[in-house]
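Trainee: There's a structure below that I have some questions on.
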Amino acid sequence: MTFPKTAILGVGLLGASFSLAIKKKKLCSHVTGFGRSRENLERAKSMGILDIVSPDPASACRDADLVLLAAPAGSFIELIKQACPAFKKGAIVTDVGSVKGDLVHELEELMPPGVHFIGSHPIAGSDRSGIDSAHADLFRDALCIVTPTERSDPPALKNVMDLWASLGSKVLAMGPAQHDRVYAAVSHLPHLIAYAMVNTVSDIDKSYLSYCGQGFRDMTRIASSSPDIWTDIALLNRQNLMEMIALFRENLNRMEEHLRTAEADALRQEFIRANTARGDIGQD
Amino acid sequence: MDIIVLGAEATEEEIRHIVKKLESRGLQAHISKGTERTIIGAIGDTSKVTEEEEDSFRAAPGVENVVRIVKPYKLASREFQKENTVITVRGIPIGGKKIPVMAGPCAVENRTVLTNIAEKVKAAGATFLRGGAFKPRTSPYAFQGLGEEGLQYLAEAREKTGLPIITEIMDPRDMDVINKYTDIIQIGARNMQNFRLLLEVGSSDKPVLLKRGLSSTIKEWLMSAEYIMSRGNHNVMLCERGIRTFETATRNTLDLSAVPVLKELTHLPVVVDPSHGVGKRSLVAPMAKAAIAAGADALIIEVHTNPEEAMSDGDQSLKPEQFAQLMKELKSVAAAVGREI
């Protein structure tokens, strides 16, 4: 499994790290890139992340063996619509998006005959974004979820799974809808809460933030994540996310009730329940 | 249904007929003519073509074969991986040229009986020791197994004989304890579609032997394997153990055609359990031989030193001397099909 020519649409933290990683593993001989900012692309080229800067998605993808969508997920459809006339037969298209669901089916629908889309979600984002934070080991020891559908081509699926595994990821398969529900709970809700938490304290009194300790930093690190990326994710996974917020609100309400009635035991039980459950996910 | 293969003698008219038939279903046809045969690729959303419609293509004049590329199972499919999966357990490969035989009692009853059986099956050439510690019994009043104590006896027998062990899991809550002892986790026929359990063993790094459900189709069976594999555990072997039919002369009907069918559809190793398949001691040996002739990668056979006293499934257990005799006979069958025991 090698991809002599790889095209990356969207050259940020994940796209650039992916390029560095497959180059390091010698899985590809050259990488073309397209993105919104020409300046960023030229810089990526000077840093050895890209070999060719392409003026548009179609020229980036011409003759590519592998196409990686690494722009904010809201732009995938438009990028593919522009790129797909240039796809060569046998090309594999994958992505790094945090939302799958209907998007995967829509992207599958857009693929010309002989071109296969397989959704991927490497759990390797960061509160940092951009090519300066990129590194070749970003995907090592990370989890990567691939989201096959009924229509997925098995050899293409195998190539994509092998690709992530060779970058050091632990690869699991999950249906797109199930993926979105799981990640609404373990990723998208926590991001929303982190944003809300920082806003809450800052609404109370901005100067309070200067008194914060490690706990606040730990809980809100992800509130520094890219607003562009997270606006797309939140909207694309809106239904699941609203359901998770409602469930979160129930938990908060219950704690509030225990505080109102000053029930130490009940409150402690909530804390113990969380301690135990968190124990299962292991060390940080 | 994605590819329709027509023979060399197929006429233009027959080809046109297929193209029309595809177009009437909103699909496009891509024709490629070779010297040997003509292949028509169906382009479009073929996932909506029903199995009945697929059969009608198969029946059309000139058609040799219809190949459906879209299968609901992906990781388990032969298309996903062309080469056979070989699972190595404590140095013993399953799925290669050599055919390992797993033998032992249905249920672990006590230390002495188990050790005795283990030593005897090992002497006869078995390479794995089987034994149930948690038993799925039809009756809630029947012997339910020794639980962790049984696992300890299995581990002791492994210590003594060097035979790796295989035992069944019935409840996700037993995962940790079973993981601690066993080399292969077995999912029994009754749990083939216990999806929680499948996901649980999918996140284990132990190889899994997945038995076919009593009334499950091969497709459903492969979908269950897919559940396990989706969680990252690709070391799955499929075990045919007989299905429910109207026939009463045997306990189940051992579906040996499943073996070559699976060999076509999947890269996973195929194991046959003739003991449960027939449920009658005298029929175990012939079906074990037939299984190897059909292409099985491993066998799992019940052996008990005192079948009459066995606490579970005594009437289908071989006596050690019968097992030893069978092992000898299996060698020539294996040699005839290019395998080894």
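Trainee: Straight-line reach from A:LYS25: which lysines have Cα under 25 Å away, leaving out those fewer than 8 places along the same chain?
Mentor: By straight Cα distance, A:LYS25 reaches A:LYS5, A:LYS45, A:LYS88, A:LYS89, A:LYS158, A:LYS170, B:LYS82.
Trainee: Please give the contour-minus-distance gain from A:VAL186 to A:ALA165: 0.36 nm per residue of separation, less the Cα-Cα distance, rounded to one decimal in nm. It would help to have the intermediate numbers written out before the result.
Mentor: On the way: separation 21, 0.36 × 21 = 7.56 nm, distance 2.25 nm.
That works out to 5.3 nm of additional length.
Trainee: Would you work out the charge dipole size for region B:190-341 about its Cα centre, treating the Cβ of every Lys and Arg as +1 and the Cβ of every Asp and Glu as -1, and quote it to the nearest 20 debye?
Mentor: Values: 18 positive and 18 negative charges, 36 e Å.
The calculation lands at about 180 debye.
Trainee: Further question on the same structure: What does the charge dipole of region A:1-143 about its Cα centre add up to, to the nearest 20 debye, if the Cβ of each Lys and Arg holds +1 and the Cβ of each Asp and Glu holds -1?
Mentor: Details: 16 positive and 16 negative charges, 102 e Å.
My answer is approximately 500 debye.
Trainee: If the only charges are +1 at each Lys and Arg Cβ and -1 at each Asp and Glu Cβ, what is the size of the charge dipole of region B:3-67 around the Cα centre, to the nearest 20 debye? Numbers along the way, then the final one.
Mentor: Numbers: 8 positive and 13 negative charges, 45 e Å.
The dipole magnitude comes to about 220 debye.
Trainee: While we're on this one: Taking a quarter of the surface of the convex hull around the Cα atoms of chain A, what do you get in nm²?
Mentor: Details: hull surface 65.3 nm².
That works out to 16.3 nm², a quarter of the Cα hull's surface.
Trainee: Work through the residues other than B:PRO164 whose Cβ is under 14 Å from its Cβ and net out their charges, Lys, Arg +1 and Asp, Glu -1.
Mentor: Numbers: positive: B:ARG90, B:LYS122, B:ARG130, B:ARG158, B:LYS160, B:LYS206; negative: B:GLU156, B:GLU159, B:ASP183.
With Lys, Arg at +1 and Asp, Glu at -1, the net is +3.
Trainee: Please report, in cubic angstrom per residue, the volume enclosed by the convex hull of the alpha-carbon atoms of region A:5-174.
Mentor: Numbers: hull volume 16.6 nm³, N = 170.
Expressed per residue, the convex hull around the Cα atoms of region A:5-174 is 97 Å³.
Trainee: Of B:VAL63, B:TYR73, B:VAL89, which is farthest on the positive side of the dipole of region B:13-145, counting Cα position, with +1 on Lys and Arg Cβ, -1 on Asp and Glu Cβ, and the Cα centre as origin?
Mentor: Selected residue: B:VAL89.
Trainee: Still on this structure: Using a cut-off of 12 Å between beta-carbons, work out the net charge of the residues near A:LEU27 (Lys and Arg +1, Asp and Glu -1, A:LEU27 not included). Intermediate values should be presented prior to the final figure.
Mentor: Numbers: positive: A:LYS5, A:LYS23, A:LYS24, A:LYS25, A:LYS26; negative: A:ASP65, A:ASP162.
Within the 12 Å Cβ shell, the charges total +3.
Trainee: Among A:THR32, B:THR250, what is the fewest-to-most ranking by other Cβ atoms within 10 Å? Spell out each step's value before the answer.
Mentor: Working: A:THR32 23, B:THR250 16.
If I rank by nearby Cβ atoms, fewest first, I get B:THR250, A:THR32.
Trainee: Turning to a different aspect of this structure: Any of B:LYS160/B:LYS211; B:LYS120/B:LYS331; B:LYS122/B:LYS328 with alpha carbons more than 20 Å apart? Name them for me. Intermediate values should be presented prior to the final figure.
Mentor: Details: B:LYS160/B:LYS211 28 Å; B:LYS120/B:LYS331 18 Å; B:LYS122/B:LYS328 13 Å.
Over 20 Å Cα-Cα: B:LYS160/B:LYS211.
Trainee: For each of A:CYS212, B:CYS239, count neighbouring Cβ atoms within 10 Å of the residue's Cβ, then give the residues from fewest to most.
Mentor: Values: A:CYS212 13, B:CYS239 26.
Lowest count first: A:CYS212, B:CYS239.
Trainee: Which stretch or stretches of region A:1-34 have amide N atoms under 18 Å from the point lying 7 Å from A:ASP132's Cα along the Cα→Cβ direction?
Mentor: Under 18 Å, as judged by backbone N against the label point of A:ASP132, lie A:11-17 of region A:1-34.
Trainee: On to the next question. Take the residue pairs A:LYS26/B:LYS263; B:LYS206/B:LYS289; A:LYS24/B:LYS71 and return only those whose Cα atoms are more than 31 Å apart. Kindly include the intermediate steps, with their values, before the conclusion.
Mentor: Numbers: A:LYS26/B:LYS263 34 Å; B:LYS206/B:LYS289 28 Å; A:LYS24/B:LYS71 35 Å.
Pairs exceeding 31 Å: A:LYS26/B:LYS263; A:LYS24/B:LYS71.
Trainee: Return the distance in nm (one decimal) between the two label points of a simple spin-label model at B:GLN28 and A:ASP63, each offset 7 Å from Cα along Cα→Cβ.
Mentor: It is 2.5 nm.
Trainee: So, one more: What is the fewest-to-most order of B:GLU36, B:GLU14 by other Cβ atoms lying within 10 Å of their Cβ? Show your work: numbers first, answer last.
Mentor: Numbers: B:GLU36 9, B:GLU14 17.
Taking fewest neighbouring Cβ atoms as first place, the list is B:GLU36, B:GLU14.
Trainee: Another question, then. Of A:GLY279, A:ILE222, A:LEU252, which is farthest on the positive side of the dipole of region A:178-279, counting Cα position, with +1 on Lys and Arg Cβ, -1 on Asp and Glu Cβ, and the Cα centre as origin?
Mentor: Toward the positive end, the furthest listed residue is A:GLY279.
Trainee: Using square roots of five times the C-alpha gyration tensor eigenvalues, list the equivalent-ellipsoid semi-axes of region B:87-336 in whole Å, biggest first.
Mentor: Numbers: eigenvalues 103, 95, 67 Å².
Working from the Cα gyration tensor, I get semi-axes of 23, 22, 18 Å.
Trainee: What fraction of the DSSP beta bridges in chain A is antiparallel, stated in percent and rounded to the nearest 5? The partial results should precede the final answer.
Mentor: On the way: 4 of 25 bridges.
Roughly 15 percent of the beta bridges in chain A run antiparallel, per DSSP.
Trainee: Right, another one. Near A:LYS100, which aspartates and glutamates are there with a Cα under 15 Å away, not counting those fewer than 8 places off in the same chain?
Mentor: Filter leaves A:GLU108, A:GLU109, A:GLU150, A:ASP180, A:ASP232.
Trainee: May I ask for the net charge around A:ASP63, where only other residues with Cβ less than 14 Å from the Cβ of A:ASP63 are counted and Lys, Arg are +1 while Asp, Glu are -1?
Mentor: On the way: positive: A:LYS5, A:ARG62, A:LYS88, A:LYS89; negative: A:ASP51, A:ASP65.
So the surrounding residues net to +2.
Trainee: For the pair A:SER29 and A:ASP203, what calculated FRET efficiency results from E = 1/(1 + (r/R0)^6), where r is the Cβ-Cβ distance and R0 = 45 Å, to the nearest 0.05? Mind dumping the intermediate values first?
Mentor: Details: r = 53 Å, r/R0 = 1.17.
Computed FRET efficiency for A:ASP203 and A:SER29: 0.30.
Trainee: What GluC sites (Glu not before Pro) does region B:75-180 have in DSSP loop regions with at most 12 other beta carbons within 10 Å?
Mentor: B:GLU83
Trainee: Still on this structure: At a Förster distance of 35 Å, what's the computed FRET efficiency of A:SER224 paired with A:LEU252, Cβ-Cβ distance as r, to 0.05?
Mentor: Numbers: r = 23 Å, r/R0 = 0.67.
For R0 = 35 Å, the calculated efficiency reads 0.90.
Trainee: If I model a spin label at B:THR217 and A:ARG238 as a point 7 Å from the Cα along the Cα→Cβ vector, what separation in nanometres do I get?
Mentor: Calculated label separation equals 3.9 nm.
The numbers here are math on the coordinates, done by the rules we state, and not lab data. Remember, predicted model here, so these are calculated numbers, not experimental data. Cβ coordinates were reconstructed from backbone atoms using ideal geometry, including for glycine residues, and neighbour counts include every protein chain displayed.
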